[in-house]
Amino acid sequence: MATADVLKPDFGASRKHFIFTDEHEQLRESIRNFATKELAPHAEEWEETTFPDSIFPRMGELGFLGLDKPEEYGGQGGDYYTSLVLAEEIVHAKSGGVAMGVAVHTDMAMPPILAFGTEEQKQEWVVPAIKGEKILCLGITEPDAGSDVAGIKTRAVYDEANDEYVINGSKTYITNGHRADVIVLVTKTDPEAGHGGITLFLVPMDAPGVIREERLKKLGMHASDTALLAFQDVRVPSSAILGEKGKGFYHISWELQGERLIGAAGCVAGAQNCFDMTLKYALERQAFGRSIGRFQVIRHKFAEMATKIETARQMVYMTAWRFNNGEYPVREISMAKLYASRIAVEVADECIQIHGGAGYMKEYGVERVWRDMRLNRIGAGTDEIMLEVIGRSYGL
């Protein structure tokens, strides 16, 4: 074989995954430019103040809040992969809190309204939400109930005389809770029915009796607001029920699958971004007469991280392909969420180590990546719940 015919590896080559088209790549570039130019410059400021509500109408104006939502409600009518692109590219805002606040709005609270809501509910909430004129949040976790959704205590009692429900209870760790216009609220309508006694309601946050009690202080995600909420004799009409009465557990279980997959995609993108930042640092930082990236121990750290990131990426993309094609791969979604969130935290931790003392300082940004990433092993289903779902899927 002639020398010219010998194939050599081209590590600089890149090819988009088969699930993405040229249109997806154009969208990717648009979101990245927006995040880099309009969001990232304010990342440090928003860590102290939380990001402003104006981000939502701006993203609505650009069409980023309804990428995979039906055109009849003002969305772009794109496929599920467009939401993956948003999750991946919003990482360039350099703020996990911004990404979280947007994801709650677009991929946690909005999908169940679209899937189970009446036409009136969609017109009232989804249409302005896609424009960014109304902000959404989701209320599941309570002070005494998190992973055990059946254990929630927030009650909705029917008042037959007025055809209303009276809601009492509390919710905690609610992202967008201080800025939201409406909450998709998980309640108990029949305390004796277990999973069959849970019902979802759309509760306006300005309704009498809705109290935004406290802005919670967190390890990370400082740019997003997280609320402790109370509901004291809040009255809503029967028409506020979202979906079927008594089917709320199943409705919210469906919602969690899309949320977990989007979260997994965000974890992979966040890990990749942290990897890239640290690679640049390792090639520039000098020690013992050469860049630290030239030492075998550091080189192997990058090799391990890159392998884990690519494994997680392929798992997320293939599972997304199945989800987009009408399957309901709960086992694989759980695996993707579990693995991606774990490796994201591992990568961020290793990147801090490679930076050494600089990694512990705020100015380099890697410590914030770790703090923001750590939530992903808890939110939308803890590692332990994911393991339980996976294990039970095998009949164990």
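The values are calculated or read from the model by the stated rules, or taken from the named source; none is laboratory data. Here the structure is a predicted model, which is why all the values come from computation and not from measurement. Backbone-built Cβ (ideal geometry, glycine too); neighbour counts: all protein chains shown. Note: areas computed on protein heavy atoms with side chains; ligands, DNA, RNA excluded. Shrake-Rupley method; radii C 1.70, N 1.55, O 1.52, S 1.80 Å.
Find which of N324, V366, I343 sits farthest along the positive direction of the dipole of the stretch 284-388, computed with +1 on the beta-carbon of Lys and Arg, -1 on that of Asp and Glu, about the Cα centre.
V366
Any idea what the dipole of the stretch 164-319 comes to, in debye rounded to 20, about its Cα centre with Lys/Arg Cβ at +1 and Asp/Glu Cβ at -1? It would help to have the intermediate numbers written out before the result.
On the way: 19 positive and 16 negative charges, 211 e Å.
With only Lys, Arg, Asp and Glu charged at Cβ, the dipole is about 1020 debye.
Peptides 158-164, 99-105, 88-94, 211-217: what's the order by average Cβ count within 10 Å, highest mean first? Could the numbers behind the result be given before it?
Values: 158-164: 10.9, 99-105: 25.9, 88-94: 23.7, 211-217: 13.3.
Peptide ranking by packing, descending: 99-105, 88-94, 211-217, 158-164.
For the stretch 186-210 and the stretch 327-348, what is the separation of their Cα centres, given in Å?
30 Å
May I ask you to give the percent of accessible area on the chain that is carbon plus sulfur, with a probe radius of 1.4 Å? Before the final figure, lay out the partial values.
Details: 9650 of 18720 Å².
Summing carbon and sulfur atoms, their accessible area is 52 percent of the total for the chain.
Which lysines have a Cα less than 20 Å from the Cα of K308, not counting those fewer than 8 places away in the same chain?
Qualifying lysines at Cα under 20 Å: K16, K280, K337.
Only four residue types carry charge here, +1 at the Cβ of Lys and Arg and -1 at the Cβ of Asp and Glu. Report the dipole size of the stretch 254-348 about the Cα centre in Debye, rounded to the nearest 20. Intermediate values should be presented prior to the final figure.
Values: 13 positive and 9 negative charges, 90 e Å.
Approximately 440 debye in magnitude.
Determine, from the Cβ-Cβ distance of D22 and E72 and an R0 of 30 Å, the FRET efficiency 1/(1 + (r/R0)^6), rounded to the nearest 0.05. Show your work: numbers first, answer last.
Values: r = 26 Å, r/R0 = 0.86.
Efficiency, from the Cβ-Cβ distance: 0.70.
Give the cross-link partners of K247 among the lysines, using a straight C-alpha distance below 24 Å as the criterion and excluding same-chain residues fewer than 8 apart.
Here the lysines satisfying the reach criterion relative to K247 are K69, K122, K153, K171, K188.
Once you sort the root eigenvalues of the Cα gyration tensor of the stretch 124-248 as a ≥ b ≥ c, which label holds: rounded (a/c under 1.5), prolate (a/b larger than b/c) or oblate (the other case)? Can you show the working numbers first?
Details: a/c = 1.75, a/b = 1.28, b/c = 1.37.
Cα axes put the stretch 124-248 in the oblate bin.
Pick out, from P52, L84, A13, the residue whose Cα sits farthest towards the positive end of the charge dipole of the chain, with +1 on the Cβ of Lys and Arg and -1 on the Cβ of Asp and Glu.
Comparing the listed Cα positions along the dipole, A13 ranks first.
Can you tell me, using C-alpha contacts under 8 Å and at least 6 residues apart, the relative contact order of the chain as a whole percent? Don't skip to the answer; put the middle values down first.
Values: 678 pairs, mean separation 57.9, N = 396.
15 percent.
Sum up the charges of everything whose Cβ sits under 15 Å from the Cβ of E29, counting Lys and Arg as +1 and Asp and Glu as -1, but leave E29 out.
On the way: positive: K16, R28, R32, K37; negative: D22, E23, E25, E38, E88, E89.
My count for the surroundings of E29 gives -2.
How high is the relative contact order of the stretch 294-358, in percent, counting Cα pairs under 8 Å that sit 6 or more residues apart? Please report the intermediate quantities before stating the final value.
Details: 23 pairs, mean separation 24.2, N = 65.
Rounded, it is 37 percent for the stretch 294-358.
Of the listed values (1) 63, 27, 18; (2) 39, 22, 21; (3) 40, 28, 20, grab the one calculated as semi-axes √(5λ) of the Cα gyration tensor in Å from the structure here.
Of the labelled values, this structure produces (2).
Which residue fluctuates most in the GNM of the chain (Cα springs below 10 Å): H178, H222, H42?
H42
What accessible area per residue comes out for the stretch 274-347, rounded to a whole number of Å², with a 1.4 Å probe? Write out the running numbers ahead of the final one.
Working: 3910 Å² over 74 residues.
For the stretch 274-347, the solvent-accessible area averages 53 Å² per residue.
Springs between alpha-carbon atoms under 10 Å, Gaussian network over the chain: tell me which of T382, T307, T278 tops the mean-square fluctuations.
Between T382, T307, T278, it is T307 that shows the largest mean-square fluctuation.
Given Cβ point charges of +1 (Lys, Arg) and -1 (Asp, Glu) and nothing else, what value in debye, to the nearest 20, does the dipole of the chain about its Cα centre take?
So the dipole magnitude of the chain works out to roughly 1520 debye.
Under the rule a/c < 1.5 gives rounded, and otherwise a/b versus b/c splits prolate from oblate, where does the stretch 1-113 land using the Cα gyration tensor? Before the final figure, lay out each step's value.
Working: a/c = 3.06, a/b = 1.67, b/c = 1.84.
Oblate, since a/c reaches 1.5 and b/c is not below a/b.
Among F116, A145, V126, which residue has its Cα furthest toward the positive end of the charge dipole of the stretch 107-162, with +1 on Lys/Arg Cβ and -1 on Asp/Glu Cβ?
V126
Highest mean first, how do 241-251, 13-23, 367-377 rank when packing is the count of other Cβ atoms within 10 Å averaged over residues?
Details: 241-251: 19.9, 13-23: 10.6, 367-377: 22.6.
Highest to lowest by the protection proxy: 367-377, 241-251, 13-23.
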